[in-house]
């Protein structure tokens, strides 16, 4: 799972690593599926490399500010480009309020300004790892705290279900009230085993003869530490230190 790139600095770096910035990969056990890799791209939002720049830090700040690096050239080799018409894809930013010791004070034109939105992809300055992270892979902050990525937090249990891949077809007599209040997030328990509702096929409206309805189920399971270890993340951090 990965984001698109539209920044020359990121694109040049990514040609040297196995997995792209903020990407993550889950490896199913041998023999579970045919050999090969399936890629899922988030094409609307582009990822953002960050710059930790001591040169813009205010004298009263103890934190080097982290700012989004959106640049029309490779920032590592050319920092003198003057570009006024640089088109880039949408980014997600957020503002958590004034947080002394987390985001850092930025000095602009001799004034102190620190109300800028923080990067929503990964806040590497976050000392506790409580800020949201939109990286698909896990990240390690500057404090050494490890932050779970999107795959670990949101997709791992679904991947575990696909890994087992056990589907069951049952005939269930559904009531009209159950259909009205139907929730696919609610588990169905059969002989003490939990299943995820996938499909109800052939339910008849009120007034018609009520028969059992064909119902497709998927076996539910909880991922283990071994499953989490199947996740591979990017080989480099999403920031450049300009100190």
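Computed from the coordinates by the stated procedures, all read-outs in this text should not be read as laboratory data. All values reported here derive from a predicted model rather than from experimental measurement. FYI the Cβ positions are ideal-geometry reconstructions off the backbone, even for glycines, and counts take in every protein chain you see.
Computed from the C-beta positions of residue 128 and residue 241, the FRET efficiency with R₀ = 25 Å rounds to 0.75.
When the Gaussian network model of the chain links Cα atoms closer than 10 Å, the mean-square fluctuations of 176, 27, 59 top out at 176. For the pair residue 11 and residue 198, what calculated FRET efficiency results from E = 1/(1 + (r/R0)^6), where r is the Cβ-Cβ distance and R0 = 30 Å, to the nearest 0.05? That pair, residue 198 with residue 11, gives E of 0.15. For the pair region 165-243 and region 47-69, the centres of their Cα atoms are 44 angstrom apart. Is any residue of region 220-239 close enough, with backbone N under 18 Å, to a label point placed 7 angstrom from the Cα of residue 189 along the Cα-Cβ axis, and if so, which? From region 220-239, the list is 220-222. Take every Cα pair under 8 Å whose residues are at least 6 apart in sequence, average their separation, divide by the length of the chain, and the relative contact order is 24 percent.
If the chain linking residue 28 and residue 4 were pulled fully straight, counting 0.36 nm for each residue of separation and taking away their Cα-Cα distance, it would gain 6.2 nm. Computed over the chain, the alpha-carbon pair-distance distribution with 10 angstrom bins reads 6, 23, 25, 18, 14, 9, 4, 1, each value a whole percent. By the beta-carbon count within 10 Å of each Cβ, the least crowded to most crowded order of 80, 233, fewest first, is 80, 233.
Computed from the C-beta positions of residue 219 and residue 91, the FRET efficiency with R₀ = 45 Å rounds to 0.70. Normalised by 2.2 N^0.38 Å, where N counts its residues, the alpha-carbon radius of gyration of region 1-83 equals 1.48. Estimated purely from DSSP H runs of n ≥ 4, each contributing -39500 (n - 2.57), the mean residue ellipticity at 222 nm for the chain is -2500 deg cm²/dmol once divided by its residues. Look at 121, 1 and count the other Cβ atoms within 10 Å of each Cβ; fewest to most, that gives 1, 121.
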